[in-house]
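Participant: Dropping the structure in here first, questions after.
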Amino acid sequence: MSAVPSLTWRAPRARPAPEPFRGGAAPDEARSSGADRADATVTLELEGLTKAFGATPALDAASLRVRAGTVHCVLGENGAGKSTLCNLVFGAHSPDAGTMRLYGEPYAPQRPADALAAGVAMVHQHFSLVPTMTVAENLLLGTGLRLRPPRRELLGELDAVADTYGLSLDPDARVDALPVGIRQQVEIVKCLLRKPRLLLLDEPTGVLDPAQIESLMATCRRIAEAGHAVVLVTHKLAEVARAGDEATVLRGGRVVGGGPLAGIAQSDLVAMMVGRRVAELDPLLAAGLGLEGARPEGVGPEGSGADESAVDAAPDGGGPPAPGATVPAAAAATSAGAPRAAALAVRGLTVRRPDGTTALDAVSLTVARGEILGVAGVEGNGQSELGAVLAGSLRARSGSVELDGHDITAAPPARRTRLGLGVVPEDRLHEGCIGELSVAENLFLARLADFRRYGLLDRRALNRAADEVVAAHAIRTEDSRAPMRTLSGGNQQKVVLARELALDPLVCLVASQPTRGLDIGAVGAVVTRLRDAAARGCGILLISSELSELLAVADRIVVMYRGRALGPVRTGEPGARERLGRLMTGADA
Amino acid sequence: MSPVSDLLSGGVHLALPVLLAASGELISERAGVLNLSLEGMMLTGAFASVAGALQSGDATVGVLCGVAAAVLFAALQAVLSVTLRADQVVVGIAANALALGATTYGSRVMLGDDRNATVPSFDELPVPGLSDIPYVGPALFAHTALGYAALALVAVIGLAASRRTGLGLAVDAAGEDAETADRSGLPVRGIRYACVLLAGLTAGLGGAQLALSEVHAFTDNMTAGIGYLAVVAVIAGRWRALPTALACVFFGIAQALQFTAPALGVDLPVAVLVMSPYVIALLAVSGLVGRSRAPACLTVPFARTG
C-alpha cells in the first residue's frame, strides 16, 4: 500500500485495478498485510444473527468476524441479506436471535444513536442527508441537541479530514444542489467526523462513476490503515479486488463462505454468491457482476484457456479489459439487417427541471427497428427525464418525438400505447404497476375490455390468460391472483415487461433501468426478453447505469452527460468501453 | 387616539394570542407534527386559566393552570400522533370537538355559580414614555405583564428555532427527513414530543392571554377559530419565523378593522372583514402568494421499519 496518503480525493490508484485473484500466486502487498493482520483485534463479531421480516428470514444465523485494520467485504446478490446485516449492526433493526460483540464487549444497539455512541458509523445506500440543508448543517446534525452548534470546531475537523483522507467539501453548499458523487463524500465525511472504530458502507458505489469508485476504494484503504475496521457491502467483485482484505459471502440470508481474500479465487466467490459454477454463467451475467475479464480459474475445465486471450488483449492491465468475448455475439444477433426503419426518432428534446436547471439539452437520437440503443451515464444526468418524456409523464419544453412516423411529442400515454410504444418505467412499483391489484389485473389493466362477459369482467378468462403469461415468462408467484406487491422485484419486473412486450403493435420499447435491483437470474431473463423483442423487429431504448450490461446487450450506446446525449459509440468497436468511460465523466465532452 | 393608531394597537393586541400559538405550532410543524388541535389547546388554556384564577383568586395561578391544562391536552395529541402514529388531521379535528364540549360543560359546572363574578385578570402596564410614541407606542408598550412575557417568549422561540442553533437544526431534520435524523443519532420521537408539548404550552398561554388579558372572562367557544388562524399563519408564513409573525399581526389588524372600520370611514360589512384572514390563507396555500414548501415529513409519522 502507498504509505503517504494523497491530499486529493481523486487519489492515485492504490493498486492495479481488477486483476483477478489467483490462489496464492504473486500476492501483492495488501494481501500479505491482510495475512499479517490475521491475529489482530477482532472489532466486530457476529454470532448466529437472525432477522426475519414477516415469514421470510432476511438473515439466517449469520456469523462473521471483522478485524481491526482491515476492509471486510460482505458479498451477495440482491436480497442475500447484506443490507439487513448492516442495519442490525447499526441498530436500525433489532435481531430476532443471535449476539453481537464489539471489541469483545457485548453489543446490542436498540437504535442508531446507540451504534453511533459505540463508535459504529454507516454510509447508507440511499444517503442519510437532509437535502434542504447545507453540508455544514448536515454534519452538525450529529453533534446533539445543543443551542450553539460547534461550527468553528467543525470547520477545523473538516480540514483535518481533508488532510487525512483527501476529502474536502464546501461546507456552505446545499446538499440538494450537489451531484451524487459529492453527496457520497459528504456522507462519508459525516461518518468520519465521528471517528468511528467501525465503518459500514452499504453498496456505496451504485451511483458513482468509475473514477469516483476508484477514489472511494482508496479512502476505504486509508480508513483501514488508520487502524479502523471497514465493512464494505457490495455485489461488485471488482471493488472487492481493489479494497478488500477479507470477505464473507451471503446467499439467501446465510453465510456460505469467506475468509482472507488471498486464499480465495474470485471465481469461487462468484460461485458462492450465485450458487452455481461460474462456467455455467452466461457471460453477460458475469459482466453484470463486475466480473468482466475475470478468469473463472479452476472452475470449468474449459474456462481458463478461453478467457486468457481476452485478458491478454486488454491494454496492459491498467484499465478494465473490454468484455471482448461477449460483444460480437450480442451485436451479431441484433444487427443483421443493414438498412432499418426508425422506430423512434427524438429531435432536439429540451427539458427543464422545476428549479430551472436543464435536465435535457437538445437531445437527439434515433432507434432503428430491431436495434437496441443503450443509454449510459452516471445517474442524474438526464436519463430519468428522458425516460419520463418518452413515456409521456413529463412535458418537453421543445423538440419532437416521433414513433414510427407519428408525432407523439404531446400525445398522452394512452395514445402512445395505442401507437405501439411500450414503457418499462424506472420506478416499477409506483409507475409500472399497482401493488394492491393482482398480477392478472396488472397484466391486462389496459385491455380489461377483452375479458367482458354480459358486460361484467370475466375473471375466470382473465386469470386463465394471466396464468399463460405467468408460465411463459417464468414469473414466480403462487397465483396470478396474488397482489402484485407480494412478488419479488425481479418478478414484478417480469410482469411489467410481459405486459409491455404483449402490446400489439409493438414498435418501440423504452426500458428505464430494467435490471436495477434484480438478482442475476432475473437480469438474465429480462435481457433475454429484450433481445428476443429486438430480433422480432422492435426498437429498444435501454436506459441503464450498468455499463457492462449495456456493452453486452446494446448495438450502439449514447452517453447522457449533463443533459446532453453524447456519442453514439458502437459496442463492437475496439476501445468502446474506454471511450464511453471518458464520455461519462465528461472528459471527452 | 387616531383611528390608525387604534387599528395598529388593536391589531397587535388581537394578534398576541394567535402569535403565541403560532410560535409553538411553527416549531411543531417544522418537526413534522401538524396540530390542528391548536384550537382546542387554546380553548382549554382559556377555560383552565379562568377557572384557576377564579378558584385561587390569583391571575398568575390562573395562567399556570391554563398552561398545564393545554400541555396535558397537547400530550394527548402527541401520544396519538407520535407514538400511536394516528392521522394527525383526524386527531386534531376530534380533539377540537372534545375541547369544545369539555370546556362548555366545564364552564357550566365550575363557573356556573359565579358567571358574573369578576375574574382576577391582568391590567395593562404601559411603559412610561415608550407607550406615548405615536402609532407604535400603544401597539408595543401597552400590554399586560402576561402580554410582555408572551412577546419575550415568542422572540426567544423564534431565535432558538433558527437553523443557526443546534436545536433548530435538530427540529428541522426531524421534520424534513426523519429517517436521516434518526440515523444521525437524533431522538426523532423525543424531539417531536417536545415540540408538540411546546405548542401546547404556547397555545395555553395564548388562551390565557385571551381570557385574562383581553376578555377578562370565559365564554363558550371563545377562541372561535383563532387556533386555526395560528395554523394558517404558519402556512402563510411559509414555515419561517418572521413571516409567520407578520401574518399573525396582519390577521390581528384584519380583525381589528371590524371595530375601527367605521371610524376610518370604511363602509364594509363586518362579516367580510372576519372572512379576510381565511381568504388570505387560501391564497397562501394555493401558492398565489409565492410558492410554499412544507417540511417534507410534515404529518408523516416516524417509525423504524422492522
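Since every read-out is calculated from the coordinates, none of them should be taken as a lab result. Since the structure is predicted, the reported quantities are computational estimates derived from the model, not experimental observations. Backbone-built Cβ (ideal geometry, glycine too); neighbour counts: all protein chains shown.
Participant: On a 0 to 90 degree scale, rounded to 10, what angle separates helix B:270-285 from the longest Cα axis of chain B?
Facilitator: 20 degrees
Participant: Once you order the gyration tensor axes a ≥ b ≥ c over the Cα atoms, which shape class does the stretch A:464-532 get: rounded for a/c under 1.5, otherwise prolate or oblate by comparing a/b with b/c? Write down the numbers at each step before the final one.
Facilitator: Numbers: a/c = 1.79, a/b = 1.14, b/c = 1.56.
Oblate is the answer for the stretch A:464-532, as a/c is 1.5 or above yet b/c matches or exceeds a/b.
Participant: Further, regarding this structure: Based on Cβ point charges of +1 for Lys and Arg and -1 for Asp and Glu, what charge dipole magnitude is obtained for the stretch B:172-285 about its Cα centre, in debye rounded to the nearest 20?
Facilitator: Details: 5 positive and 8 negative charges, 22 e Å.
Approximately 100 debye in magnitude.
Participant: Let's see if you can work this out: charge +1 on each Lys and Arg Cβ, -1 on each Asp and Glu Cβ, no other charges. What is the dipole magnitude of the stretch A:48-126 about its Cα centre, in debye to the nearest 20? Numbers along the way, then the final one.
Facilitator: Working: 6 positive and 5 negative charges, 32 e Å.
The dipole of the stretch A:48-126 has a size of about 160 debye.
Participant: Can you check what the net charge comes to around residue B:203, using other residues whose Cβ is under 9 Å from the Cβ of residue B:203 (Lys, Arg +1; Asp, Glu -1)? If you can, show how the numbers build up before the last one.
Facilitator: Working: positive: none; negative: B:25, B:39.
Residues close to residue B:203 contribute a combined charge of -2.
Participant: Counting other Cβ atoms within 10 Å, which GluC sites (Glu not before Pro) in the stretch A:465-526 have at most 15 and lie in a DSSP loop?
Facilitator: Sites meeting the loop and neighbour criteria: A:478.
Participant: How large is the direction-averaged shadow of the alpha-carbon convex hull of the stretch B:130-246, in nm²? Before the final figure, lay out the partial values.
Facilitator: Details: hull surface 35.6 nm².
One quarter of the hull surface, i.e. the mean projection, equals 8.9 nm².
Participant: OK, next. Just checking the output field for A:213-225: average partner chain Cβ neighbours within 10 Å of each residue's Cβ? Intermediate values should be presented prior to the final figure.
Facilitator: Working: counts 0, 0, 0, 0, 0, 0, 0, 0, 0, 0, 0, 0, 0.
Per-residue shielding by partner chains comes out at 0.
Participant: Mind ordering B:151-162, B:216-227 by average Cβ neighbours within 10 Å, highest first?
Facilitator: Values: B:151-162: 16.1, B:216-227: 20.0.
Ranking the peptides B:151-162, B:216-227 by packing returns B:216-227, B:151-162.
Participant: Would you mind giving the mean number of other chain beta-carbons within 10 Å of the Cβ of each residue in A:125-136, as a whole number?
Facilitator: 4
Participant: Determine which lysines satisfy two conditions relative to residue A:236: a Cα distance under 17 Å, and not lying fewer than 8 residues away in the same chain.
Facilitator: Filter leaves A:82.
Participant: Among B:78-91, A:108-121, how do they line up by average Cβ neighbours within 10 Å per residue, starting with the highest? All intermediate terms of the calculation are to be shown ahead of the outcome.
Facilitator: Numbers: B:78-91: 17.3, A:108-121: 19.2.
Taking the mean over residues of other Cβ atoms within 10 Å, the ranking is A:108-121, B:78-91.
Participant: Next question, about the same structure. Calculate, in whole percent, how much of the Cα-Cα pair population of the stretch B:193-239 lies beyond 15 Å.
Facilitator: Numbers: 573 of 1081 pairs.
Tail fraction, whole percent: 53.
Participant: With N set to the residue count of chain B, report its C-alpha Rg divided by 2.2 N^0.38 Å to two decimal places. Walk me through the intermediate numbers first.
Facilitator: Details: Rg = 19.1 Å, N = 306, 2.2 N^0.38 = 19.4 Å.
Working it through for chain B, the quotient is 0.99.
Participant: Quick check: the angle from helix B:166-176's long axis to the longest principal axis of chain B, C-alpha only, nearest 10 degrees?
Facilitator: 70 degrees
Participant: Okay, next question. Which angle between 0 and 90 degrees, to the nearest 10, do you get for helix B:3-30 versus the longest principal axis of chain B when only C-alpha atoms count?
Facilitator: With both axes taken from Cα atoms, the answer is about 20 degrees.
Participant: Ok, one more. Rounded, prolate or oblate: pick one for the stretch B:61-110, where a ≥ b ≥ c are the square roots of the eigenvalues of its C-alpha gyration tensor, a/c under 1.5 means rounded, and failing that, prolate if a/b is larger than b/c, else oblate.
Facilitator: On the way: a/c = 3.65, a/b = 1.56, b/c = 2.33.
Oblate is the answer for the stretch B:61-110, as a/c is 1.5 or above yet b/c matches or exceeds a/b.
Participant: Okay, moving on. Roughly how crowded by other chains is peptide B:156-169, in terms of the mean Cβ count from those chains within 10 Å of each of its Cβ atoms? Write out the running numbers ahead of the final one.
Facilitator: Values: counts 0, 0, 0, 1, 1, 0, 0, 6, 5, 6, 12, 6, 3, 11.
Across B:156-169, the average partner-chain Cβ count within 10 Å equals 4.
Participant: Let me ask something else about it. Provide the packing ranking of A:364-375, A:524-535, i.e. peptides ordered by the mean count of other C-beta atoms within 10 Å per residue, highest first. Mind showing how you got there, number by number?
Facilitator: Details: A:364-375: 22.7, A:524-535: 19.1.
Going by the mean number of other Cβ atoms within 10 Å, highest first, we get A:364-375, A:524-535.
Participant: With a ≥ b ≥ c the root eigenvalues of the C-alpha gyration tensor of the stretch A:136-201, is it rounded (a/c under 1.5), prolate (a/b larger than b/c) or oblate?
Facilitator: Rounded.
Participant: Just the Kirkwood number for the stretch B:186-306, please: inverse of mean 1/r across all distinct Cα pairs, in Å, one decimal. Don't skip to the end; give the middle numbers.
Facilitator: Values: mean 1/r = 0.0598 Å⁻¹.
Mean inverse Cα-Cα distance, inverted, gives 16.7 Å.
Participant: State the Cα centre-to-centre distance between the stretch B:76-100 and the stretch B:199-215 in whole Å.
Facilitator: Cα centroid of the stretch B:76-100 versus Cα centroid of the stretch B:199-215: 20 Å apart.
Participant: While we're looking at this one, here's another question. Please name whichever of B:18, B:103, B:77 sits farthest to the positive end of the charge dipole of the stretch B:3-104, dipole taken about the Cα centre and charges placed at Cβ: Lys and Arg +1, Asp and Glu -1.
Facilitator: B:77
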